[in-house]
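Only one structure is covered here, and it is reproduced in the block below.
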Amino acid sequence: MLPKVQPLAASGDQAVLHPHWQQDDHLIAILADNARRFPDRVALRERDRGIWQEYSWQDYLEQVLSFAAGLEQLGIQPEDNLLVIGDNRPALYFGMLGAIALRAVPSPAYPDTVPEELAGQLKRESIRYALAEDLEQVDKLLQIREQYPELGTIIYDDPRGLAGKEPPGVIAYTDVVARGRERLARESGLREDLLRRATAHDVAVLLHSSGTTGTPKGIPLKHGHILAAVRSAAEAGYFEEGEVHMAYLPMAWVGDFIFSVGAALVLRFTVNIPEGQETAFHDLREIAPTLFFCSPRAWSNMLTRIQVGMDESTGLKRWLYRYFMPFAIELERRRLEGQAPTAGERLKRAIGEILIYGPIKDHLGLARVRHPYTAGEAIGEDVFLFFRALGLNLRQFYGQTENCALAAAQSADEIKLHTVGRPFPGLEVKIADNGEILMRGENVFDGYYQHPEATAETLRDGWLHTGDAGYMEDDGQLVVLGRVSEVVHTAGGERYIPTYIENRLKFSHYIKDACILGSGRDYLAAIVCIDLQAVGHWAQENGVPYTSYADLSQRPEVIGLIAGVIERTNTVLPEAQRIRRFVNLHKEFDPDDGEVTRTRKLRRNVIDEHYKAIIDAIYAGADEIEFEAQITYETGESGVLKRTLAIRDLAVEEA
């Protein structure tokens, strides 16, 4: 059951905007209630140097309140923004909630954000305080502080390289907590005061848009928005009380805050933090979550690892895999079409569960998963069917930062590959005349941070204009086609959505990214970035030698492989939307080069600028081009990658 809160009237403009919100219904009150009712239950675990460190709900509350008391002593004020940067760590979660208790606002950034981008966020949001994971992030902030001295206080978690050598204004998280504990012990009534300060109408977190077309916009989400989203999704059966969850996705992504903080508090999840990003899928097996989300690309990568592992296993295992998996996939395909399995098929499926399906799930760490999800873009049919054939009830969901990432999801017994499911209870959805998806509900944000023009454009007459094109099916399921703003036309006036075609190309695990060209042109073409792991494995299996990503991308055999993928995709596209020419790029699209966002959404204007010579060569009919690509290394230094790129024509069957 969900926690019940007694109504308390809101006041002022907030009451008009959200009259049903209850003033004392907020994340800090829910945390305190969990600590009171379940003080010894494990709330959060972190693997540190191979050992799992556990925090009970009581520990969680003590860390949050102690940090809040210490942070306030450092001078932070209500509505101040606190930068949070680093990989998932308990101290960073405690720190965010400590700031929230003070009615300050955590503003997370992606850990790989380069200093120039980070400096922009600090200046736009007048940030004076930062909570950083380690020396790497502190060094980045110190570099920024040379040009932005307003950043006065930097708090760090990992002491390696910092303890005892702190520059001015740099302080350990543990020291802040220690100061806070002393203050709590000294000041009577401070604890209760900290528990009461926040309200449902306060901003709980300041997240950011992807910035595909310019500077990212700040997206403030209030306690009321987050709690409405979580409770609505729980009512729809999206997740349940007591889930075991792994927090490994970036803390700057809305999904992590909603899952690892919002839902975790409301539904008392056990949140598990892996040792590091590189060990996440290894630690997954020990965690054995009941709730698991990853992107279509991550599911595809997981499938590739399974296939690579099977190719390198014993002859018996390979035989069992090749015997049982195609059977299960076809069985699942027919089941989704409404055909029930025969008694013999059910028996064979049960045997396969013992010999193949169960062991694979156990090896991956997914044996206990009750709620597996994918979102962010369309998932390939082969990948979707494979994991469902294993016995995972994999489902798609849809949401945006502006609606707390929870807007619609497929139910367990209504699965269609092309839909994202039904809207959650309490959320209204309608389709505008231009095909745009509009939404209205208590989980929809109230406007962008200090950006009234963008707010007026996005929120009109109470409706969130999502910017996505789609339609509702007769049974009430929502179909998302792509961004309305990305509807473009060829020279002949043919209308198409690039992301729709790109997602279908990425159904193949051989393609990591693709950029569809054709606006104002006579036909469509594509720039393709191969997936090194998947294509590298294919090359190994097929005796294709290579020395690097750039070399592999231009091998004639690989160009033929990608040509086959595109030609198969062409068969399901209208004739005017079929791809006529393509080139394999000799590098991946890179967020450090500005070509994709941190969430890997294409920045088309940057790609058009960086690869203008390639695009011109494609449409000039050239067979190859010698091209120099500017690249940015992790150190921030830049270089040049030079290569002769082959441009390939595709066989297009006329309608």
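Bear in mind that the values in this text are calculations on the coordinates, not laboratory data. Values in this document were obtained by computation on a predicted structure and should not be read as measured data. Virtual Cβ from ideal backbone geometry, glycine too; neighbours counted across all protein chains shown.
Numbers at a glance
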item	result
Taking Glu133, Glu275 and counting other C-beta atoms within 10 Å, the order from fewest to most	Glu275, Glu133
Point-charge dipole on Cβ atoms (K/R +1, D/E -1) for region 488-649, about Cα centre, debye to 20	560
Residue-averaged [θ]222 nm for the chain, counting only DSSP H segments that reach four residues, each worth -39500 (n - 2.57)	-10500 deg cm²/dmol
Using a Förster distance of 56 Å, the FRET efficiency for Thr455-Leu316 (Cβ separation, nearest 0.05)	0.35
For region 99-170, alpha-carbon Rg and Dmax in angstrom	11.8, 32
Average Cα contact separation per residue, the chain, under 8 Å, 6 or more apart, as relative contact order %	10
Calculated FRET efficiency for the pair Thr215/His20, C-beta based, R₀ 41 Å, to 0.05	0.75
Burial order of peptide ranges 407-415, 432-440 (average beta-carbon count within 10 Å, highest first)	407-415, 432-440
Unit charges on C-beta of K, R, D, E only; dipole of region 215-327, Debye	320
Three-way shape call for region 62-106 based on the alpha-carbon gyration tensor, with the a/c threshold at 1.5	oblate
Selection from Ser553, Ile607, Pro498 lying farthest towards where the dipole of region 488-649 points positive, charges on Cβ	Pro498
Positive minus negative residues near Gln533 (Lys, Arg vs Asp, Glu; Cβ under 15 Å)	-3
Alpha-carbon centroid distance for the pair region 456-473 / region 160-231, whole angstrom	31
Full-extension gain in nm, Glu54 to Leu74, via 0.36 nm per residue minus C-alpha separation	4.4 nm
Positive-pole candidate from Ala378, Tyr357, Gly435, dipole of the chain, charges at beta carbon	Tyr357
Per-residue HN-Hα couplings for region 408-415 [Karplus 6.51, -1.76, 1.60; θ = phi - 60°; Hz; x = Gly/Pro]	7, 7, 6, 7, 4, 10, 9, 10
Euclidean distance of C-alpha centroids, region 381-412 and region 517-543, integer Å	26
For peptides 229-235, 158-164, sequence by mean Cβ density within 10 Å, most packed first	229-235, 158-164
Option label - Rg and Dmax of the Cα atoms in Å computed here, alternatives [x] 27.5, 87; [y] 25.6, 81; [z] 30.2, 94	[y]
Sorted by Cβ density within 10 Å, fewest first, the residues Ser107, Ser209	Ser209, Ser107
Ranked packing of 148-156, 513-521, most packed first, by mean Cβ within 10 Å	513-521, 148-156
Spin-label model distance (nm) - Ala622 vs Val487, 7 Å beyond Cα toward Cβ	3.5
Within the chain: Cβ-based charge dipole about Cα centre, in debye rounded to nearest 20 (Lys, Arg +1; Asp, Glu -1)	1380
